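Novice: So that we are looking at the same thing, I have put the structure below in structure tokens.
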Amino acid sequence: MSDLSSNPRIGIIGSGFIINDCHLPAYRKQGFNPAAIASRTKVHAEKVASTHNIATVHDSIDNLLDNPTIEVLDIAVPPQHQPALIRAACQRGTVKGILAQKPLALDYAEALSVVQACEAAGIILAVNQNMRFDPSVVDASTLLKSGRLGSPIFTTIDMRGIPHWQPWQEELQSATLKIMSIHHLDCIRHWHGDPEAIYCSTRSDPRTTFPHHDGICTSILEYANGFRATIIDDVWTGPAHEGCPGDIRIEYRIEGTDGLAIGEIGWCQDPYTTPSSLRHAVKGDEEFTQAKLKGSWFPDAFGETMRDLLNALGNSTTPMLNGRDNLKTIALVEAAVISSQEKRRVRLDEIL
């Protein structure tokens, strides 16, 4: 493999909303170099290429994978198809890095196999857990690391939002845990480390027509030191699409021994590019401090996930969103699925 260029040539696999409206606008804003694109339907790839000035549209995904000038792959396909594409790239051994979508795979065993394949091929794998780069989440991470809030006692993430389900979810008969809860479970891991166990209770969502068990999800994460976190993923949020006034929001609270941080995520607002917010206070403050944040989750965080990978490639380091770390997020999602189905507390080490 040749030395990595100063602005690596990125090959895009996929041409849906997440590529057209999130990845590519953020990449152009950051000055990255998306050089080629391919998808299952060439006409869709051509449309995205025209919109975002991508020079090369390949006739097929295999043709893009065979392109020896591509240094980094950005894969955005349904999770049941993603592992095969990653393995195909590993077999060719031409790219230096891969940015994959979440979920990396549908279960822990498959995700582990993908991570091992990339490690064996010498390819750096990162997973697009982009909520970590929401500006509010980034500032909350800084507060925690600085110790300003003291020792964490209790954290909550409360989502009252109505996502747009993807067509592939109907095939898998899965709604919330692998597409929305995975963001929040990963965020708790990012802030507080790995829990000892999880208890997850679910029910179906009345609005979602395809068969599923994981519509409305409530998770309790237990830590050995006594810290607790809860996540409510409410995709019903009342009959907001059926004529009732809505209260659409994602709010989090981080409560520590010395202070409190309260954030609101802008993504579920209209427009989806609405900035997030964060306010925080500690013992002795007379009022909350409002954080001065720049950018929004959509699309800005998607530029940061690619930057995380490119910086790692350029400096021969490990990206924060590396595949090996993401295995613990996949394990936590799998533990949540088992917990909801078997109606019991599931330890993370049962999966790992």
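The values are calculated or read from the model by the stated rules, or taken from the named source; none is laboratory data. Keep in mind that this is a model prediction, so the values were computed, not measured. A quick note on method: Cβ atoms are made from the backbone with ideal geometry, for glycine too, and the neighbour counts reach across all protein chains shown.
Novice: Specify which of the listed residues (PHE302, PHE298) is over 20 Å from LEU104 (Cβ atoms), under 13 Å from the mean Cα position of the chain (by Cα) and either crowded, with 17+ Cβ neighbours inside 10 Å or of a type in the set (S, T, N, Q) (or both).
Specialist: PHE298
Novice: Also, I was wondering about something else. Starting from segment 299-310, take each residue that is under 16 Å from ASN322 (Cα atoms) and in a helix (DSSP H, G or I) and list its partners that are of a type in the set (Ser, Thr, Tyr) and at pLDDT below 95, counting only C-beta distances under 7 angstrom and pairs at least six apart or across chains.
Specialist: Listed pairs, sorted by first residue: none to list.
Novice: Hey, any hits in segment 103-113 for a residue that's farther than 26 Å from ILE351 by Cβ and more than 16 Å from the chain's Cα centre (by Cα)?
Specialist: So far as segment 103-113 goes, no, none of its residues is farther than 26 Å from ILE351 by Cβ and more than 16 Å from the chain's Cα centre (by Cα).
Novice: Can you find a residue that is over 13 Å from the mean Cα position of the chain (by Cα) and in a helix (DSSP H, G or I) anywhere in segment 154-164?
Specialist: No: segment 154-164 contains no residue that is over 13 Å from the mean Cα position of the chain (by Cα) and in a helix (DSSP H, G or I).
Novice: Please go through segment 214-245 and pick out each residue that is surrounded by 15 or more Cβ atoms within 10 Å (Cβ to Cβ) and modelled with pLDDT under 95.
Specialist: ALA240
Novice: Can you pull out every residue in segment 307-326 that is closer than 21 Å to PRO103 by Cβ and in contact with a Leu (Cβ under 6 Å, 6 or more places away or on another chain)?
Specialist: ASP308, LEU309, PRO319, GLY323, ASN326
Novice: Let me ask something else about it. Could you pull out every one of the helices (runs of 4 or more DSSP H) wholly within segment 50-132 that has 2 or more residues that are among the small types (Gly, Ala, Ser), in the same structural domain as PRO25 (by TED's automatic domain parsing) and closer than 30 Å to TRP191 by Cβ?
Specialist: Once the helices (runs of 4 or more DSSP H) in segment 50-132 are filtered for at least 2 residues that are among the small types (Gly, Ala, Ser), in the same structural domain as PRO25 (by TED's automatic domain parsing) and closer than 30 Å to TRP191 by Cβ, what remains is 108-121.
Novice: Being over 28 Å from LYS328 (Cβ atoms) and in the same structural domain as GLY147 (by TED's automatic domain parsing), is that true of even one residue in segment 229-237?
Specialist: Yes, segment 229-237 has at least one match.
Novice: Also, quick follow-up: Taking the condition of being crowded, with 21+ Cβ neighbours inside 10 Å and out of contact with any Cys (no Cβ under 8 Å at 6 or more places or on another chain), how many residues in segment 164-177 meet it? I'd like the intermediate steps shown before the answer.
Specialist: Our first condition is that a residue be crowded, with 21+ Cβ neighbours inside 10 Å; within segment 164-177, this holds for 174-177.
Right, trim to out of contact with any Cys (no Cβ under 8 Å at 6 or more places or on another chain) and you get 174-175.
Summing the residues that are crowded, with 21+ Cβ neighbours inside 10 Å and out of contact with any Cys (no Cβ under 8 Å at 6 or more places or on another chain) in segment 164-177 gives 2.
Novice: Determine if segment 185-201 includes at least one residue that is among the hydroxyl-bearing types (Ser, Thr, Tyr), surrounded by 15 or more Cβ atoms within 10 Å (Cβ to Cβ) and within 19 Å of the chain's Cα centre (by Cα).
Specialist: No, segment 185-201 has no match at all.
Novice: Continuing with this model, one more query. Answer yes or no: is there a residue in segment 23-33 that is within 27 Å of GLY122 (Cα to Cα), modelled with pLDDT of 95 or more, assigned to a strand (DSSP E or B) and not assigned by TED's automatic domain parsing to the domain that holds TRP165.
Specialist: Within segment 23-33, one or more residues are within 27 Å of GLY122 (Cα to Cα), modelled with pLDDT of 95 or more, assigned to a strand (DSSP E or B) and not assigned by TED's automatic domain parsing to the domain that holds TRP165.
Novice: Same structure again: Given the residues ILE10, ILE70, ILE61, which is the only one that is more than 22 Å from LEU321 (Cβ to Cβ) and surrounded by 20 or more Cβ atoms within 10 Å (Cβ to Cβ)?
Specialist: Selected residue: ILE61, the only one of ILE10, ILE70, ILE61 that is more than 22 Å from LEU321 (Cβ to Cβ) and surrounded by 20 or more Cβ atoms within 10 Å (Cβ to Cβ).
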